[in-house]
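Below is one structure, written out as structure tokens, with a few remarks after it.
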Amino acid sequence: MTLDFSDKDVSDFELEAVISKFKKRFNCHPDFVSIAPGRVNLIGGHVDYNGGLVLPLAVDRHTCVAGAKSDEAGVLVVHSVRENESFVVDLDCPMIAARPNWTNYVRGVVHGFLSRGIELPGLKILIDSTIPSGSGLSSSASLEVATAGILEVASGVTLKGNKKPRLCQQAEHEFANVPCGIMDQFAVTFAQRGCMLLLDCRDESIEHVPFDHDQLALVVINSHVRHELSESEYANRHQRCETVSTELGLESLRDLTWSMLDRSRGQFDELSFLCAEHVLRENERTLKFVQHMKNEDWSQAGEMLYQSHVSLSEKFQVSCAELDELVAGARKLGPEEGVLGARMTGAGFGGSVIVLAEREKASDVVSRVVEDYNRIGVPLSRPRASGFVAKPAGGARVIKFVAD
Ligand code: ADP
Ligand code: MG
């Protein structure tokens, strides 16, 4: 077996770990390892399901899915290391959502292949991951896209263009019951190392914009908080946006203009109106942020992040005390300490914040923000925050092992 990884985002150590776990469980070497990164969204919060402009960046945390063809036709055996649990899929039976819930991210993707008439061989599959789940780094899309990569290589059918992320999004809608936009699956699929991905969720066009990581670093701080509200409030905001756009006769809030919004004052309840206002302004901010980054005007770029956070907190109302405190803590450090901007990322009500930092000071920023937040005096019941300096990573890919 030749082990030529030559993959700079995923350490040999991570790959060797997934291979050794696979061998231990299935008593054979995997034929392939499918790798998909996690992602953070730099700006464009809650606009993806409104046809808006988002700017995700893949980070060097990954889902690694190892697979081997098995002699048992029509059967998939799937094991998740994190869940310490396995399940079996009978490919000849109709696929339905089932318990435990994590299996649905895999079932949904398998269903997507089968319903497109793609034949799958019997497979043994092991899922390993370095992406904390539920922290806003999109472990779910990463799991879906990594699973799709395994099924592509095992079936010999490659899903071209937007077909793979779309199939994965459909899996999340129909099997995991999460009405997500297209951003996460697109980011995980199409990311390029060292770049942000400007994605127009209306026409699905993509521009890769370099992230100057000689001078800048992206810090991710996980609050490890996930409030119960998270899912219901996501669906609630989604619904409000849809109601406003439908009542105004628009395809999505992306087509809203300031004069339309002005005229509609009084037509909607206050929160729905504020949500629409956030979407309109946030799309503008995404473009401004990109322009400031291209102009190397880091402080103006950072200012867009702060404004985005305030809007998500006060208008869209999806932040929480912990995220507000982390952003305020970063902001207090200011440019002298290397902090250029900060905002919550992901769906909200917990999860992570991102901090745009000067590269040289980024590690200190992590420890300062985390230590201040975790300091003695804070209720012990509150989860401790943790953070890391993220590297802008490449998109999903598959490594095939060739027999010597
Ligand atoms: P996020 O995508 O922000 O991490 P989600 O709630 O959308 O949060 O998705 C997290 C869910 O995805 C987990 O609760 C689990 O069901 C599934 N998941 C992610 N990674 C794995 C993994 N390595 N093994 C099994 N399930 C996983
Ligand atoms: Mg998710």
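Computed from the coordinates by the stated procedures, all read-outs in this text should not be read as laboratory data. Quantities reported herein were computed from a predicted structural model and do not represent experimental measurements. As a convention, Cβ positions derive from the backbone with ideal geometry for all residues, glycine included, and neighbour counts pool all protein chains shown.
Of note:
- Highest-fluctuation residue, D92, D128, D31 considered, GNM on the chain with Cα pairs under 10 Å: D92
- Whole-Å semi-axes of region 58-179's equivalent ellipsoid (Cα gyration tensor): 20, 16, 15
- Working from label points 7 Å from Cα in the Cα-to-Cβ sense, the R265 to K24 distance is 6.4 nm.
- Pairwise centroid distance, computed over Cα atoms, of region 155-200 with region 204-266, Å: 17 Å
- Within region 43-187, percent of DSSP bridges classed antiparallel, to nearest 5: 70 percent
- Residues whose amide H lies under 5 Å from that of L340, counting only those 5 or more places away or on a different chain, are L356, A357, E358; hydrogens are built 1.01 Å from N in the peptide plane.
- Of K288/K315; K294/K332; K124/K160; K294/K400; K361/K400, pairs whose Cα-Cα distance is over 31 Å: K294/K400; K361/K400
- Placing pseudo-labels 7 Å out from each Cα toward the beta carbon at E247 and E83 gives an inter-label distance of 4.0 nm.
- For Q215 and R375, a Förster radius of 22 Å and the Cβ-Cβ distance give a FRET efficiency of 0.15, rounded to the nearest 0.05.
- Just checking the listed ones, P121, P100, P37: in the Gaussian network model of the chain with Cα springs under 10 Å, the one fluctuating most is P100.
- Nitroxide proxy distance, nm - points 7 Å out along Cα→Cβ at E296 and E204: 3.7 nm
- For the chain, DSSP calls about 90 percent of its internal beta bridges antiparallel.
- Of the trypsin sites (Lys or Arg not before Pro) in region 369-404, those whose Cβ has at most 10 other Cβ within 10 Å and which sit in DSSP loop: R375
- Comparing M304, M95, M183 in a Gaussian network model of the chain where C-alpha atoms under 10 Å apart are linked, the largest mean-square fluctuation is found at M95.
- Once the Cα atoms are used to define both axes, helix 298-314 deviates from the longest principal axis of the chain by about 90 degrees.
- Solvent-free Debye calculation, one equal scatterer per alpha-carbon of region 22-119: log10 I(q)/I(0) at 0.18, 0.19, 0.25 Å⁻¹ equals -1.04, -1.10, -1.36.
- Relative packing of peptides 108-116, 76-84 - highest average C-beta neighbours within 10 Å first: 108-116, 76-84
- Here the extension length gained between R397 and K69 equals 116.2 nm, from 0.36 nm per residue of separation less the Cα-Cα distance.
- Tail weight of P(r) past 30 Å, computed on alpha-carbon pairs of region 211-390, percent: 25 percent
- Computed over the chain, the P(r) tail beyond 38 angstrom holds 21 percent of alpha carbon pairs.
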